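Sharing a structure, written as structure tokens. Questions coming.
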Amino acid sequence: MIKYDLSRQRVKTSLLFVFLLVFPFYLSYQLYYLDKIFFFCPVEYKQDTVIIRHDSYGSGDFLSNRGGSRKHNGIDLQAKFGAAVYAVRAGKVTRAQFHRGMGNFIEISHPSGGYVTIYGHLSKIEVRAGQLVRQGQKIGAVGKTGNANHRGVIPHLHFEIRKNGMPLDPMKFIE
Ligand SMILES: [Zn+2]
């Protein structure tokens, strides 16, 4: 009887020990992937003023015309070629590949709210599909790949936010 109680006590002590050992790691992991703000701007701007690309090849506004019935499902954030591109929220990279129109692009699925974000025309992709990213993590660089690969097109990040599959105006989130 006494022996039984002792082993029970030992199990309790070791469980507590394991908890105390694992919990700080678990907590720091959770904090690492915690969003500090609602949406991080995917490109850095001085004075936080977003610049939308406008050139003779098109307007970078949300839902601007793209020929026929096609609409622009995102915004074009004008930036220097090679400028850093950041994940707007923590999430999992679901695609990091080349597409004829979008060029090198990254798609991230975010764990809450049904949000998916897309980053296109990149010159560099620095993540791979399946990878977890944190908010504000550098994922690539601004470029001119895909249909932005034309001398007259100003370097920009094509950026989309979709909620449950529906494209939303990113300006409502990042400004
Ligand atoms: Zn675009």
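Sort 151-157, 121-127, 166-172 by the packing proxy (mean of other Cβ within 10 Å over each peptide's residues), most packed first.
My ranking of the peptides, most packed first, is 121-127, 151-157, 166-172.
Now for a different question. Please give every one of the lysines within straight-line cross-link reach of residue 80, meaning a C-alpha to C-alpha distance under 16 Å, and leave out same-chain neighbours fewer than 8 residues apart.
Correct list for residue 80: 46, 124, 138, 144.
Please rank 5, 55, fewest neighbouring Cβ atoms within 10 Å first, as an exposure proxy.
With the sparsest Cβ surroundings first, the list reads 5, 55.
Can you compute the modelled spin-label distance between residue 99 and residue 149, with each label point 7 Å from Cα toward Cβ, in nm?
A separation of 1.6 nm, rounded to one decimal place.
Taking Cα atoms, how many degrees apart are the long axis of helix 2-32 and the longest axis of the chain, rounded to 10 and kept between 0 and 90?
20 degrees
Let me ask something additional. Do any trypsin sites (Lys or Arg not before Pro) in the range 47-86 lie in a loop, going by DSSP, with at most 16 other beta-carbon atoms within 10 Å of their beta carbon, and if so which?
66, 70, 80
Assuming R0 = 25 Å, can you tell me the calculated FRET efficiency for the pair residue 138 and residue 65, based on Cβ-Cβ distance, to the nearest 0.05?
0.15
Right, another one. Give, to the nearest whole percent, the P(r) tail of the chain beyond 22 angstrom, counting all Cα pairs.
50 percent
Provide the packing ranking of 36-46, 17-27, i.e. peptides ordered by the mean count of other C-beta atoms within 10 Å per residue, highest first.
Top to bottom by mean Cβ count within 10 Å: 36-46, 17-27.
Given points 7 Å out from each Cα along the Cα-Cβ axis, report the residue 168 to residue 23 separation in nanometres with one decimal.
In this crude spin-label approximation the distance works out to 3.5 nm.
Could you estimate the translational diffusion coefficient of the range 107-175 from the Stokes-Einstein equation, with Rh from the Kirkwood formula over C-alpha pairs, at 20 °C and 1.002 mPa s, in whole µm²/s?
161 µm²/s
A short reminder: the numbers here are calculations on the coordinates, not readings from a lab. Every value quoted in this text rests on a predicted model; they were computed, and no experiment measured them. Neighbour counts are summed over all protein chains in view; Cβ atoms, including those assigned to glycine, are modelled from backbone coordinates with ideal geometry.
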